[in-house]
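Below is one structure, written out as structure tokens; comments come after it.
Please treat every number below as a calculation from the coordinates, not as lab data. No experiment lies behind these values; they were computed from the predicted model shown. Backbone-built Cβ (ideal geometry, glycine too); neighbour counts: all protein chains shown.
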Amino acid sequence: MFNPFFKNRGPFSVRDILNFLNIKTESVESNIELKDIKDLYGSNNYDITFLHSKKYRELAKKTKASFCITTESLKNELPASCIPIIVENVLVSVSKITSMFYPDAINDDFDDSVIDINQTNFKDKVISGKNVLIGKNVSLGKNCKIGHNVIIEKNVSIGDNCSIGSNTIIRNSLISNNVKILDNCVIGKHGFGFFPNKNKNLRYPHIGIVIIEENCEIGCSSTIDRGSMSNTVIGKNTYLDNQIHIAHNVKIGENSIIAGQVGIAGSSIIGSNVRIGGQAGISGHIKVGNNVEIGGGSGVIRNIPNNTKVMGYPAKNIREFLRDNK
Amino acid sequence: MFNPFFKNRGPFSVRDILNFLNIKTESVESNIELKDIKDLYGSNNYDITFLHSKKYRELAKKTKASFCITTESLKNELPASCIPIIVENVLVSVSKITSMFYPDAINDDFDDSVIDINQTNFKDKVISGKNVLIGKNVSLGKNCKIGHNVIIEKNVSIGDNCSIGSNTIIRNSLISNNVKILDNCVIGKHGFGFFPNKNKNLRYPHIGIVIIEENCEIGCSSTIDRGSMSNTVIGKNTYLDNQIHIAHNVKIGENSIIAGQVGIAGSSIIGSNVRIGGQAGISGHIKVGNNVEIGGGSGVIRNIPNNTKVMGYPAKNIREFLRDNK
Amino acid sequence: MFNPFFKNRGPFSVRDILNFLNIKTESVESNIELKDIKDLYGSNNYDITFLHSKKYRELAKKTKASFCITTESLKNELPASCIPIIVENVLVSVSKITSMFYPDAINDDFDDSVIDINQTNFKDKVISGKNVLIGKNVSLGKNCKIGHNVIIEKNVSIGDNCSIGSNTIIRNSLISNNVKILDNCVIGKHGFGFFPNKNKNLRYPHIGIVIIEENCEIGCSSTIDRGSMSNTVIGKNTYLDNQIHIAHNVKIGENSIIAGQVGIAGSSIIGSNVRIGGQAGISGHIKVGNNVEIGGGSGVIRNIPNNTKVMGYPAKNIREFLRDNK
């Protein structure tokens, strides 16, 4: 995952990590320093990874990670080069380790390091409204227009010829050229991801970012959350209407058109040239192909192949929907 | 109802109240002073209450109120200690009387008494962003973070370790410790409650407040309206995602998880350990039990018992839903 | 269409228009000056109009326009007084011509001409919050309350006794007396209207405005887009709850009540005395009659006659819906 923003506080020794998890595993060589925590596929030597489901067995066999958080019943899926660390709840442990490496990626308190744009070098470079605030590690391209009361918190890159609407808040995002984000949006906040826990849920870090490719338009009062372990991506020339919610890790292809009040739940992947009617909802972890049309109000709870038109709740082939609802 | 905020302008004499309603009832002892208007159950001696439906017959029999706004056909349900005042439209009359006692609870014009937080004693107590405004009768706990452009209007109490996102507006709310409210929310506005009336609807007062218990999280761009005659309550450790609307008088239990774009209509009561999928809607005056799962996109129009999983529109048992939609 | 705001940069000669479209039509008298571009019905002599579908054949026969953008196959529907200009894609050409006459109506970059209300004559006329910004060509009536951080961009007229909530943004709108717009709304932005085009969509101008008639209330975080070639209208004493989206060209009648999170897609026409339950959606180009009730969560995809109650997705007669879903 391309992630230029969240600072990795590692390396940490295996001993430190085990201590943090309250695990005693004397058999493990504990002075080894680990550089990062990554998924099975992305890990390299001196990384720690995790395996929490049989679904990922094939990936597990090929992982290059040196250590893997897993369970007693899954540990035999790992190659000899990868030392298992047995825990009760893999995802909770992963969350804790990720928070060691990326402590800044858990909470989204407001950025108190911002300053007025008139105190920055951007003041002569862009056209900006009143009361615009700019955080650390922000870059703005040429010929941008930044509306009133906009807050660009830390870790944002905006390309050339972009227009940001008034009252919009952006953080942890890469925005390409010729993008318009209209008024009142919130872009780059952490997703709705946490481990439910009686009396006090446990939030896990969101080290992904939001990537909005060139020529996109994002309608008023929309929210696009950044990813947890991967990025949230809006492909080029995709247009979103007002009041849309794009959850963490979602990827949308190019040239798609998404009407008002649509919601796309976490980790779903939408193809290119897709049209989604108003108020439709896409469940999490769904794959929608290319050249798909989803009727307004639909509820998509299963994958949709390329070149299909669907409608209904649950969404089905549109001919079937219309025949059933004459 | 616990309501520390709206000032009761009473007592008013029975005569004043009858005059205000344009009622002549000479048979009534009109010098008696009435302290408050409350529902049948909550009323005490020297309060006025109301009875507008046979549904509340059992409660009516036991009311301690001295007077009751009601109709000719319902007046015999009242005990001898409670004097009926007969009107044509009970709820409109109640609305008018409530507006006598609580004139500040009808309109939600912006609070023009707010001042910049840097002119208050909070400036050294909390970490606050730019352009933060604080109204009268506000308290803030220790270790809070208050984002940019936040407006905390009058009658708000916020506990310790809370984080309020930028651009959020709060009024008439009690917020416990360790609560996070993300960006762009509106908390504590009056509900969508009024008497429809040709050419000019008649708004009734909303004297309830919003109570958010400890460890809750409220997602971006959500709206939580305060109650009319009771409070709107979010139970502890309940998490709301983005773009959620919670209407007036709604109560949600503890440890519940509510995904993006869900809407809960007025006066519904949701149990504890409830999970609601994205874009689901709950009708008004519905009761959802504990340990209930409601699938994304569902429309709940009937009560749901404890320990049930439902999905669909209208929502039904999830097995039935999946069987019907293979 | 009544449109006091967008400045017409015409007249333009037929030659200029043809050049702009890259059309060579030597047979046309090209020195004639055209004053405006309008629909078939609204056009007068020296206007240019357009005909893109057989549906409008009857209107075409009676148009008073001097020129008409159309296709080879439709040109014979026009009267002798109207000279056809043949193009490949009528709507794209219309969009281009409209952008000649109304170049300010395409993009909605923030209004950088606004100034603080305390630098205007309104400062003593209305009660306003902190950080209120006012654009050019704005009028405010008596006894208005304008909340904190409100941005009234150019081309807005607000009547007497209006209340505008904090953080709300308004442009290109006519707002009558006694209207309340609550917090965080965006009123008058261009609609979600453009011609999809690989790699770079083509936005067309929105020269309509938003008209909100007297005694209306608009809930928090709602968005009402202005029209493209006609206005978006909210009829008098109509109340909208929170998080509602009204798309471009929509017209809603009087005394209607629309609950939270409802969405109405482009160009639909809703009657008077209509009640729409929470989260219902109305497709585009739909006609909903007077005295209609639409149940919460419904998806309306067909016209609804007067005096009807409907529910469901797709919406059908409510008795049928309840019978089918016992």
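Identify the GluC sites (Glu not before Pro) of the range B:1-62 meeting these criteria: DSSP loop state and at most 14 other C-beta atoms within 10 Å of the C-beta.
On the way: sites: B:GLU26, B:GLU29, B:GLU33, B:GLU58; in loops: B:GLU26, B:GLU29.
Within the range B:1-62, the qualifying GluC sites (Glu not before Pro) (loop, at most 14 other Cβ atoms within 10 Å) are B:GLU26, B:GLU29.
Relative to the other copies, what are the label-point distances for B:SER81, with labels 7 Å from Cα along the C-beta vector, expressed in nm at one decimal and sorted shortest first?
8.4, 8.4
For A:ILE294, list long-range residues whose amide hydrogen, built 1.01 Å from N in the peptide plane, is under 5 Å from its own amide hydrogen.
Result for A:ILE294 returns A:ARG275, A:ILE276, A:GLY277, A:VAL310.
Before anything else, pin down the relative contact order of chain B: Cα pairs under 8 Å, at least 6 apart, normalised by residue count, whole percent.
8 percent
Using θ = phi - 60° and the Karplus form 6.51 cos²θ - 1.76 cosθ + 1.60, what ³J(HN,Hα) does each residue of the range B:35-43 get, whole Hz, x for Gly and Pro?
8, 6, 10, 9, 6, 4, 6, x, 6
Please compute the Kirkwood hydrodynamic radius of the range B:77-152 from all pairs of different C-alpha atoms, in Å with one decimal.
Evaluated over the range B:77-152, this radius sits at 16.1 Å.
Show the residues, 5+ positions off or on another chain, whose built amide H is closer than 5 Å to the amide H of B:LEU202.
B:PHE195, B:ASN197
Work out the mean other chain Cβ neighbour count within 10 Å for the residues of C:155-167 and drop it here as an integer.
For this peptide, the per-residue mean of nearby foreign Cβ atoms is 3.
Tell me, what ³J(HN,Hα) does each residue in the range B:101-113 have, in order and in whole Hz, if you take phi through Karplus 6.51 cos²θ - 1.76 cosθ + 1.60 with θ = phi - 60° and put x for Gly and Pro?
6, 10, x, 7, 9, 8, 9, 10, 4, 4, 7, 8, 9
Taking the highest mean first, how do the peptides A:271-280, C:5-14 order by number of other beta carbon atoms within 10 angstrom per residue?
A:271-280, C:5-14
Give the average, rounded to an integer, of partner chain Cβ atoms located within 10 angstrom of each Cβ in A:235-247.
Per residue, the average neighbour count from other chains is 5.
Arranged by the count of other C-beta atoms within 10 angstrom, fewest first, what order do B:PHE50, A:PHE195 take?
By the 10 Å Cβ count, ascending, the order reads A:PHE195, B:PHE50.
Going by C-beta contacts inside 10 Å, put A:SER157, C:SER163, B:SER113 in order with the fewest on the left.
Working: A:SER157 18, C:SER163 21, B:SER113 12.
Least to most surrounded, the residues fall as B:SER113, A:SER157, C:SER163.
Residues of C:219-228, mean number of Cβ from any other protein chain within 10 Å of their own Cβ, rounded to a whole number?
Per residue, the average neighbour count from other chains is 5.
Most mobile of B:ASP112, B:ASP47, B:ASP183 per a Gaussian network model of chain B (Cα springs, under 10 Å)?
It is B:ASP112.
Please work out the FRET efficiency for the pair C:ASP160 and C:LYS75, using the Cβ-Cβ distance as r and a Förster radius of 60 Å; give the result to the nearest 0.05. Let's see the in-between values first.
Values: r = 51 Å, r/R0 = 0.84.
The calculated FRET efficiency here is 0.75.
Among DSSP bridges having both ends in chain B, what percentage is antiparallel? Round to the nearest 5.
Of the beta bridges lying entirely in chain B, close to 15 percent run antiparallel.
In whole Hz, with x marking every Gly and Pro, tabulate ³J(HN,Hα) for the range C:223-230 from phi via Karplus 6.51 cos²θ - 1.76 cosθ + 1.60, θ = phi - 60°.
Calculated HN-Hα couplings, in order: 10, 10, 8, 6, x, 8, 9, 9 Hz.
Going toward the positive end of the dipole of chain C, with +1 on Lys and Arg Cβ and -1 on Asp and Glu Cβ, which of C:ILE269, C:GLY299, C:VAL233 do you reach last?
C:GLY299
Every other copy gets compared here: list the nm distances from the A:LYS326 label point (7 Å along Cα to Cβ) to its counterparts, shortest first, one decimal.
Reported distances to equivalent positions: 2.4, 2.4 nm.
Roughly how big is the range A:115-324's charge dipole about its Cα centre, with Cβ charges of +1 (Lys, Arg) and -1 (Asp, Glu), in debye to the nearest 20?
Result for the range A:115-324 is approximately 500 debye, rounded to the nearest 20.
For the range C:156-219, evaluate the Debye formula with one uniform point scatterer on each Cα (no solvent term) and list log10 I(q)/I(0) at q = 0.15, 0.17, 0.22, 0.23 Å⁻¹, rounded to two decimals.
Values, matching the q order: -0.53, -0.62, -0.85, -0.90.
If each residue's Cβ is checked for other Cβ atoms within 10 Å, how do A:LYS154, A:LYS54, B:LYS236 rank with the fewest at the top?
A:LYS54, A:LYS154, B:LYS236
Given the DSSP H assignment, sum -39500 (n - 2.57) over each helix run of at least 4 residues in the protein assembly as shown and divide by its residue total; what's the result at 222 nm in deg cm²/dmol, nearest 500?
-2500 deg cm²/dmol
Any aspartates and glutamates with Cα under 15 Å of the A:LYS62 Cα? List them, leaving off those in the same chain fewer than 8 positions away.
A:ASP39, A:ASP47, A:GLU77
Could you list the square roots of 5 times each eigenvalue of the Cα gyration tensor of the protein assembly as shown, that is, the equivalent ellipsoid semi-axes, sorted largest first and rounded to whole Å?
Here the semi-axes work out to 42, 42, 29 Å.
What is the pair-distance distribution P(r) of the range C:161-278, computed from all Cα-Cα distances in 5 Å bins starting at 0, with each bin given as a whole percent?
Per 5 Å bin, starting at zero, the Cα-Cα P(r) for the range C:161-278 comes out as 3, 13, 22, 27, 18, 9, 4, 2, 1, 0 percent.
Report the rotationally averaged projected area of the range C:121-227 based on its alpha-carbon convex hull, in square nanometres. Show your work: numbers first, answer last.
On the way: hull surface 27.6 nm².
Orientation-averaged projected area of the Cα hull: 6.9 nm².
Percentage of Cα-Cα pair distances in the range A:243-285 greater than 14 Å, rounded to whole percent?
Working: 359 of 903 pairs.
Roughly 40 percent, rounded to a whole number.
Could you let me know the centre-to-centre spacing of the range B:147-175 and the range B:26-71, using Cα atoms, in angstrom?
Each part's Cα centre sits 36 Å from the other's.
If the elastic network links every pair of Cα atoms under 10 Å, which of C:ASN199, C:ASN215, C:ASN172 fluctuates the most in the Gaussian network model of chain C?
Its mean-square fluctuation being the largest, the pick is C:ASN199.
Could you give log10 I(q)/I(0) at q = 0.11, 0.16, 0.22, 0.24 Å⁻¹ for the range A:12-105, computed by the Debye formula over C-alpha point scatterers of equal weight, without solvent?
Debye curve over Cα of the range A:12-105, log10 I(q)/I(0) at q = 0.11, 0.16, 0.22, 0.24 Å⁻¹: -0.26, -0.56, -1.12, -1.35.
Quick one: P(r) of chain A from all Cα-Cα pairs, 20 Å bins, percents rounded to integers, in order of increasing distance.
The distribution over chain A is 30, 51, 19, 0, given as percents.
Sequence-distant or interchain residues sharing an amide H contact under 5 Å with B:SER13, placed H: which?
Amide H to amide H, under 5 Å and 5 or more residues apart or across chains, B:SER13 pairs with B:LEU34.
Beyond 15 Å, what share of the Cα-Cα pairs of the range C:111-179 is found? Please give it as a whole percent.
Roughly 42 percent, rounded to a whole number.
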